[in-house]
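Novice: Submitted below is the structure of interest, expressed as structure tokens.
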Amino acid sequence: MKIDRLSLPHPVLGLGDDVEGKYEPIPSIKLGKEKTVISIEHVLDNPTLQEMLVKGDVAFCTELNCPQTLYRNVFMSREPNQSVEIKSDFLRDKVTIKFYIVAQEDISEYKPKGTNQDYGEYTFQVLKGDVLAYGSMTSFIAAKSWEKLAAISSFLVITEGDNQEGPFRIDLNEDRITVQLSKKDYVVYKSASKPALFGPIFHASVVVPALIYALQQMMTDDAKEQHEGKRWFDVLEFRKNNDEKIEKLWNDPTNIPEIAQLLLDQPFSRTLTRLEHIIDQSLRD
Amino acid sequence: MTSQKLFTQNFISQQKRKLAKNQGIESYLAEYFSDFERDDTLINPRVQVTEGVTLKVPDGKNNYDQENAKILFDHYKDLTPTQATDVRLWAYLSHVTFWDYMKKRRPIEKQDEEKRGDYILTHWFVDGLSPRTLSRNDLALFWWGSYLTYDSTRKNPFELTEVLFSMLDFTRTLVEGTQGRYKPFTHGLLEFVLENKTLFEKYKEGKVRFLMRQANILGGYKIIPTLTKEEIKEIFESKRKELENFSTQTETEDSTVSNSDTESKESAV
């Protein structure tokens, strides 16, 4: 329900200037292997709704929607601090959370304090389940842990391509950014990638250019239309929305190389450190 | 019991690239699928299965969707939802375990030659993960349709599954749509149809579409998951008169009104 594009037949706190006051939920998400915990501080400032909450006429309604696992459910609470636990097995990739205050029963002559003068002297008949406040929407990427989300494998995979030799190709049409190495290169990559020693070198030489290409595509006008819903797109969007530094750099394409390096935690520095270590080891040997 | 085998992502990507160019079709016309090596598979030890399950093979008159949904879901009942989104699993089951079924259910030789690659991509794979692509692979649809409808409290826990697979409209709108993800909604709709057999004797498809349109309109301004199954059924019950008076003319008029309704409400839902 795209409520922020609706005009409902009664005033709704949080939609335009229907009602004075605020409803600003503050969520925090804890990812875990077994369960995902969403803690919400429901910040509400409107005396009518606050009173109705205490009486039980209305309740906070937190709606979770995960299209990939066909999961959709609501969690109701009358407490300002709500904790929602979901088995992590029920969630995958992008999960959206929407916050509402809804009527718990039919209410006649509803007119919250601070209703816009444009409504005049009218009062409203509200039915059970009607939305009385909207606290906006947020989303997160379901993963077993934040570390997994930061991992390159959450948005990129290296596979064997069709050509015997030659340059690698980048495919953005799959769920993850797919780097297709030539068959010859893939054989070497497979054996070289087994010891974790060379990880940063692969990051710098293969992942960085692939990520730069993907970021360029993300900044095109039709990026959302083309790629939203693909795991790589959702993960990178999420990383951007949860990193102030990256978010500040985002809208300028000239910052793409820097963004890529921030996302990969300075791969060139790590490569140089690793090379130094390898050289050091070989000199000792 | 044995660990479930999967195709590797690498193998799937290679196959998809070939099929996108309409290449490799001959492998799908063979008696069994042999275009893979041992290295193209891996095992998922978290999914343990008994071997030897078979699906009822379509015979030209009957696809046996209802029976096969039960067989497949029973066999893979312990899958978690995230495990059931694994595209590697459905690709392996389509190409190996249930090859005979897939060949009859989705006969490639009946497709125009230049469209065969796309046809295979759509039905033998889950091409990009979404409710829509999951429902285009018959095996994934059997699992997810059963997942949404299986009810262990019923005498026949697959009773609603049978209703779901009785009509394409149900699977398309409930498995792919937002409303259907809320299980009480799906159960409410299917129960309403089941409990009112006489009402749905005539114009069943049109009437179900009518109810779905009403549900979508409601979902445009109300949070459907705040309603119980019984409240949802009451909403359908309130449309009884319209359903009783339903005719093909009603369907046309309703579609016309709803189409213009949909244009303005599309962004609302």
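Novice: When the residues of segment B:219-236 are filtered to those that are facing chain A (nearest Cβ under 7 Å) and over 16 Å from A:ASN73 (Cβ atoms), which remaining residue is farthest from the chain's Cα centre (by Cα)? Reasoning before the result, please.
Specialist: Kept after step one, since they are facing chain A (nearest Cβ under 7 Å), are these residues of segment B:219-236: B:219-223, B:225-227.
If we keep only those that are over 16 Å from A:ASN73 (Cβ atoms) too, we end up with B:220-221.
Numbers: B:GLY220: 24, B:TYR221: 27 Å.
Filtering first and then ranking leaves B:TYR221.
Novice: Criterion first (more than 19 Å from B:ILE224 (Cβ to Cβ), of a type in the set (Ser, Thr, Tyr) and away from chain B (no Cβ under 14 Å)) does A:SER7 satisfy it? Before you say what the answer is, go through the steps one by one.
Specialist: Details: more than 19 Å from B:ILE224 (Cβ to Cβ): yes; of a type in the set (Ser, Thr, Tyr): yes; away from chain B (no Cβ under 14 Å): no.
When the stated conditions are applied, A:SER7 does not pass them.
Novice: Within segment B:35-50, how many residues are surrounded by fewer than 11 Cβ atoms within 10 Å (Cβ to Cβ) and free of Cβ contacts under 8 Å to residues at least 24 places away in the same chain? Steps first, answer last, please.
Specialist: Filtering segment B:35-50 for residues surrounded by fewer than 11 Cβ atoms within 10 Å (Cβ to Cβ) gives B:37-39, B:45, B:50.
Next, only the ones that are free of Cβ contacts under 8 Å to residues at least 24 places away in the same chain stay: B:37-38.
Matching residues across segment B:35-50 total 2.
Novice: Could you check segment A:64-112 and list, in sequence order, the residues that are among the acidic types (Asp, Glu), part of a strand (DSSP E or B) and more than 13 Å from every other protein chain (Cβ to nearest Cβ)? Talk me through it step by step, then tell me what you get.
Specialist: From segment A:64-112, those among the acidic types (Asp, Glu) are A:79, A:85, A:89, A:93, A:105-106, A:109; that's our starting set.
With the extra rule that they be part of a strand (DSSP E or B), the set shrinks to A:85, A:93, A:109.
Correct list: A:GLU85, A:GLU109.
Novice: Another question, if that's okay. Sort out which residues of segment B:171-189 are more than 10 Å from chain A (Cβ to nearest Cβ), farther than 14 Å from B:TYR147 by Cβ and either aliphatic (A, V, I, L, M) or buried (at least 20 other Cβ atoms within 10 Å of the Cβ) (or both), and write them in order of number.
Specialist: B:THR173, B:GLY188, B:LEU189
Novice: With the condition kept exactly as written, say whether any residue in segment B:62-85 is in contact (Cβ under 8 Å) with a residue 60 or more places away in the chain, more than 16 Å from the chain's Cα centre (by Cα) and surrounded by 19 or more Cβ atoms within 10 Å (Cβ to Cβ).
Specialist: For segment B:62-85, residues in contact (Cβ under 8 Å) with a residue 60 or more places away in the chain, more than 16 Å from the chain's Cα centre (by Cα) and surrounded by 19 or more Cβ atoms within 10 Å (Cβ to Cβ): present.
Novice: Also, I was wondering about something else. Give A:VAL19, A:VAL12, A:VAL37 a once-over and let me know the one that is closer than 13 Å to A:SER136 by Cβ and either modelled with pLDDT of 95 or more or not aromatic (Phe, Trp, Tyr) (or both).
Specialist: Step by step, each of A:VAL19, A:VAL12, A:VAL37 is checked, and only A:VAL12 is closer than 13 Å to A:SER136 by Cβ and either modelled with pLDDT of 95 or more or not aromatic (Phe, Trp, Tyr) (or both).
Novice: Right, here's the next one. Could you list, in sequence order, the residues of segment B:1-38 that are over 23 Å from A:THR178 (Cβ atoms) and touching a strand residue (DSSP E or B) at 6+ places or on another chain (Cβ under 9 Å)?
Specialist: B:MET1, B:THR2, B:SER3, B:GLN4
Novice: Tally the residues that are among the hydroxyl-bearing types (Ser, Thr, Tyr), in contact with a Lys or Arg (Cβ under 9 Å, 6 or more places away or on another chain) and closer than 23 Å to A:ASP57 by Cβ, restricting the search to segment A:106-146. I'd like the intermediate steps shown before the answer.
Specialist: Let us first name the residues in segment A:106-146 that are among the hydroxyl-bearing types (Ser, Thr, Tyr), namely A:108, A:110, A:115, A:119, A:122-123, A:134, A:136, A:138-139, A:145.
Filter once more, so that each one left must be in contact with a Lys or Arg (Cβ under 9 Å, 6 or more places away or on another chain): A:119, A:122-123, A:134, A:136, A:138-139, A:145.
When the remaining residues are screened for being closer than 23 Å to A:ASP57 by Cβ, the result is A:119, A:122-123, A:134, A:136.
Adding up the residues that qualify gives 5.
Novice: Okay, moving on. Just checking: which of the helices (runs of 4 or more DSSP H) contained wholly in segment A:157-257 hold 3 or more residues that are surrounded by 20 or more Cβ atoms within 10 Å (Cβ to Cβ)? It would help to see each step written out before you state the result.
Specialist: Details: elements: A:183-192, A:199-202, A:208-218, A:223-227, A:231-241, A:244-249.
Correct list: A:208-218, A:231-241.
Novice: Can you pull out every residue in segment A:219-255 that is closer than 19 Å to A:THR178 by Cα and among the β-branched types (Val, Ile, Thr)?
Specialist: Once the filter is applied, which keeps residues that are closer than 19 Å to A:THR178 by Cα and among the β-branched types (Val, Ile, Thr), segment A:219-255 yields only A:VAL235.
The values are calculated or read from the model by the stated rules, or taken from the named source; none is laboratory data. Treat the numbers as computed from the prediction; the structure is a model and nothing was measured. All Cβ positions, even for glycine, are placed from backbone atoms using ideal geometry, and neighbour counts span all protein chains on display.
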